[in-house]
Amino acid sequence: MENKNWIYAENLADSGCVGFCKAIEIAKPVKSAEVTATALGIYNLYINGKKVGDALFKPGWTSYNYRLQYQRYDITNYLKSGENEICFLCAPGWAVGYLGKGNINHTYAEHISLTADVKITYNDDSALELVTNPTWDTVSDQVVSSEFYHGETQDLSVAPMIVGKAKADAVPDTRLIPDEGADVTEHERLKPLKLIITPKGERVIDFGQNLAGYVEIRVKGNRKDRVTISHAEVLDRDGNFYTKNLELARCTNTYILSGNDDLLKPKFTFQGYRYIRLDEYPFEEVDLSRFTSVAVYSDMERTGSFSCGNEKVNRLYSNSIWGQRSNFIDVPTDCPQRDERCGWTGDVLAFAKTAAIHYDVSAVLRKWLHDLILEQKSDGAIYGVVPSVNERGMRVSTAWGDVITVAPWEMYLAYGDAELLEECYPAMLKWISYIRHSGDEEYLWLGGNHYGDWLAYDAILSPEHREGATQTDLIASAYFAHSVELAVRAGRVLKKDTKDLELLHQNIRKKFREYFIKDGLPTIYPKYDALSVNRPVKGLTQTSISLVLRFHLYEGEIEREKLTDKLLELIRENDGKMNTGFVGTPHILHALSENGRVRTAYDLFLSEKNPSWLFSVDRGATTIWEHWDSIKEDGSFWNDCKNSFNHYSYGCVFDWVYTWVLGIRPMEDAPAYQRFTLAPHPDERLGHAEGSIKTRYGTISVSWRYENGRINYSFTIPEGSSAEVVIPGDEKRMYSPGSYTIAGKCL
Ligand code: BGC
């Protein structure tokens, strides 16, 4: 599509919605007809009042300053002979609406604008083509206002009305590209669990599941009656509706009824919620059958499955899945409810591997990585959020920016996507060069302003101290080594000359050990760490040891054993609990398991103490929380701000479950599970476990079960792949495609 023919509506209020409409006369039989369109703002296309397609929030969210997706629709079957009306209904969306902390709008554009062309080919091969221009009408619609954060207002008691003519608009400075990601559409439909009258006397409906989407209500009231609903993720400890954690996001939908049968649901917004409160509801009785909660997210094929004999773990698994659903709405986001909902790079880094197993995320992450590459600064810096929202106060942080090496590598392992790896490779090198030139030590990353081991439990002294106790210089330098190591691996796959990178890696390792390893254990390098002044910093933390082990920054088996023993000791000293944050959590169970301590990894996985994964499950969580104790032991909240109940990051524990409990591991030299290892690690506390991954080569499935003093294993290796199978207590063997059952010994 060519970047021209933009129109807008004058005098439109900030949160206002606008329709752009054009009447067309169809005089002859139509052979085919199509519309190509895009907007700054979001839009729906209607032909004769009927919405075309089921995708929501088009044109989707990209780094609009660089690129904007356009859509093509086949409208042949929507047209009739005689007069037809083509209408685009537009709302502020990401480009014009409120976005990012601080309630700021107009991030990318001053006003809503649209461009479209319509091509109709008749049976006699003559054609009619029209484009958006000032002959189009502007229409005030029943959607009066709409914002992602604040919600939507619809007045169904009025008919849409022509209010003027469109104005020609300036051509935005961006590139138009065809759709790259996956359509956002409606998915699960949930009925209410119950109606609650809260201690405050409010009418609240519980849908039983936290999610991102919206509530549909079927009503028939009097004309001009009002229905207003607010949304919340949790009730407070007294059982009252709680919205403080939504911060500045109002998350309220209002409908003015038509007087006929109305189906109430928003068109241009979504909320993150489990509960709704009926703020205005003109009926005495609440008939729950009129309410439906609809999950909305990007179309992705479900590829992973898991269940086991522990119901709490099964709930945790469901929470991780729902965390992904709620946060893959075109862009992978931190959370779907408060005034944030942004593509935080560190959250993607933590969750990418799990995400790529739960669902086929290739389309969503490919699009997102393309935006990340475009937004990378010329010196290689990668800021915390992509697409960028508001760089004020945003940090260039280790373990956030490193997503450029981690995510493409995980996509390569999961899907064999060497093309994406090739596209990302230059950006990986730029990121590495950025780190190399930050500060005055070429082979380390000292100083800087990092997010640290974000929300780690070992240093949270107050809500203002969120960076954890691990020295950020150590984290940054360890991740520097890791990113270079991944770039070496990527380079080898892509047949690049990796000699310089290998040398760089050796130098980083050497320097890292000089600065951060003393007597075989992590230590503090005292000179730097801007953040350490405000919080306790320790050399020996669960996170520092996990990183040294996982990124192979130790020397020899004795040191490795010493590190592992120290990690066990730190866990023991901490009453058998973890205390890691966003950086350590994705690694700690792997660090233990890769070093012969699968049993301890299971201990942490199955712990119900605070902090632990099951702590939230015991408190009724239906999604993964941002904090280990978003709800504390006494039932109060961690804080009113920055307390999301739907953050996918800690849901990353399922990459450990797929890798260790089920034991399915892709091989680097035959990615996409063409060849893989199958090395399950049963634990009698789960009793049984079963799961599968639908790969590019077919579905791998595996199960194990403790039965009559034995462990029975079953597994299927799909056609076109092969596996190296290691059943505990047995030798490693190669298996070809087929289904197998093996009786193993109890360990
Ligand atoms: C987000 C996180 C993000 C962080 C940066 C938060 O506001 O919700 O998940 O990674 O900021 O530290």
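For the residues Arg67, Arg665, a 1.4 Å probe over the protein chains yields an accessible-area ranking, largest first, of Arg665, Arg67.
Rounded to the nearest 10 square angstrom, Cys746 shows an accessible area of 60 square angstrom against a 1.4 Å probe. Each Lys or Arg adds one and each Asp or Glu takes one away; over the other residues whose Cβ falls under 10 Å from the Cβ of Asn84, this sums to -1. Here segment 127-176 and segment 1-63 have alpha carbon centers that stand 8 Å from each other.
The H on the amide N of Thr695, modeled in the peptide plane, is under 5 Å from the matching H of Ile700, each at least 5 residues off or on a different chain.
The helix-only estimate of mean residue ellipticity at 222 nm for the chain, built from DSSP H runs of length n ≥ 4 each weighted as -39500 (n - 2.57), is -7500 deg cm²/dmol after division by the residue total. Calculated over segment 507-626, the projected area of the Cα convex hull averaged across directions stands at 8.5 nm².
The base-10 log of I(q)/I(0) for segment 98-232, evaluated at q = 0.12 Å⁻¹, reads -0.87 [Debye formula, identical scatterers on Cα atoms, solvent excluded].
If the chain linking His437 and Arg175 were pulled fully straight, counting 0.36 nm for each residue of separation and taking away their Cα-Cα distance, it would gain 91.2 nm. Scattering from segment 448-521 was approximated by placing one identical point on each alpha carbon and applying the Debye formula without solvent; log10 I(q)/I(0) at 0.14, 0.20, 0.22 1/Å stands at -0.58, -0.87, -0.94.
With kT/(6 pi eta Rh) evaluated at 25 °C and eta = 0.890 mPa s, and Rh the Kirkwood radius from Cα pairs, segment 1-134 diffuses with a coefficient of 158 µm²/s according to Stokes-Einstein. Potential lengthening of the chain between Val294 and Glu25 amounts to 93.1 nm, from the contour at 0.36 nm per residue minus the alpha-carbon distance. Mean projection of the Cα convex hull over all viewing directions, computed for segment 603-747: 10.3 nm². Residue separation of Asp54 and Lys244 scaled by 0.36 nm, minus their Cα-Cα distance, works out to 65.1 nm of gained length.
Counting only other residues whose beta carbon sits under 11 Å from that of Gly744, what net charge do I get with K and R as +1, D and E as -1? Charge balance near Gly744 sits at +1. Given R₀ = 56 Å, FRET efficiency for Lys220-Ala670 by Cβ-Cβ distance, to 0.05? Given R0 = 56 Å and the Cβ-Cβ separation, E is 0.40. Label sites at Thr228 and Glu731, each approximated as a point 7 angstrom past Cα along Cα to Cβ, lie 7.5 nm apart.
Counted over segment 421-560 with a bin width of 10 Å, the fraction of Cα pairs per bin, in whole percents, is 12, 40, 33, 13, 1.
For the pair Ile162 and Thr121, label points projected 7 Å from Cα toward Cβ lie 3.1 nm apart.
Averaging Cα coordinates gives a centre for segment 615-681 and one for segment 263-328; these two points are 19 Å apart. Peptides 143-150, 303-310, 171-178, 280-287 ordered by packing proxy, namely the average of other Cβ atoms within 10 Å per residue, highest first: 143-150, 303-310, 171-178, 280-287. Compactness check for segment 13-71: Cα Rg over 2.2 N^0.38 Å is 1.36. Extending 7 Å from Cα along the Cβ direction at Arg619 and again at Ser378 yields two label points whose distance is 4.8 nm.
Taking the three principal axes of the alpha carbon atoms in segment 187-331, the coordinate ranges are 50, 36, 31 Å, sorted in descending order. Principal axis extents of the C-alpha atoms in segment 628-674 (largest first, rounded to whole Å): 49, 19, 11.
Counting only residues at least eight positions apart within a chain, or on another chain, the lysines with an alpha carbon under 18 Å from that of Lys220 are Lys265. Using bins of 10 Å that start at zero, the share of Cα-Cα pairs per bin across segment 559-673 amounts to 13, 41, 31, 13, 2, 0, in whole %. Using only alpha-carbon positions in the chain, the gyration tensor eigenvalues give semi-axes of 46, 30, 27 Å once each is multiplied by 5 and square-rooted (largest first). Among Asp458, Asp497, Asp453, the order of accessible area from largest down is Asp497, Asp458, Asp453, computed with a 1.4 Å probe on protein heavy atoms. What is the distance in Å between the Cα centres of segment 687-747 and segment 532-580? Cα centroid to Cα centroid, the span is 33 Å. With coordinates expressed along the principal axes, the C-alpha atoms belonging to segment 59-132 extend over 56, 24, 18 Å, beginning with the largest.
Kindly identify segment 564-622 as rounded, prolate or oblate by the Cα gyration tensor criterion: order the square roots of the eigenvalues as a ≥ b ≥ c, call it rounded if a/c is under 1.5, otherwise compare a/b with b/c, prolate if a/b is larger, else oblate. Judged from the Cα gyration tensor, segment 564-622 comes out prolate (a/c at least 1.5, a/b above b/c).
As a size descriptor, the averaged projected area of the C-alpha convex hull of segment 400-461 was calculated at 5.8 nm².
Is the shape of segment 332-484 rounded, prolate or oblate, going by the alpha carbon gyration tensor and its root eigenvalues a ≥ b ≥ c, with a/c under 1.5 for rounded and a/b larger than b/c for prolate? Oblate, since a/c reaches 1.5 and b/c is not below a/b. Straight-line cross-link reach from Lys312 at under 29 Å between alpha-carbon atoms covers these lysines, not counting any fewer than eight positions away in the same chain: Lys191, Lys194, Lys244, Lys353, Lys577, Lys609, Lys632, Lys642, Lys694, Lys745. Using the Cβ of Leu420 as centre and a radius below 11 Å, the other residues enclosed give a net charge of -3, where K and R count +1 and D and E count -1.
The values are calculated or read from the model by the stated rules, or taken from the named source; none is laboratory data. What you are looking at is a predicted structure, and each value in this text was computed from that prediction instead of being measured. Please note: Cβ atoms are built from the backbone with ideal geometry, for glycine as well, and neighbour counts cover all protein chains shown. Ligands, DNA and RNA are stripped out before the accessible areas are found, and what is left, the full protein with its side chains, is counted by its heavy atoms. Shrake-Rupley method; radii C 1.70, N 1.55, O 1.52, S 1.80 Å.
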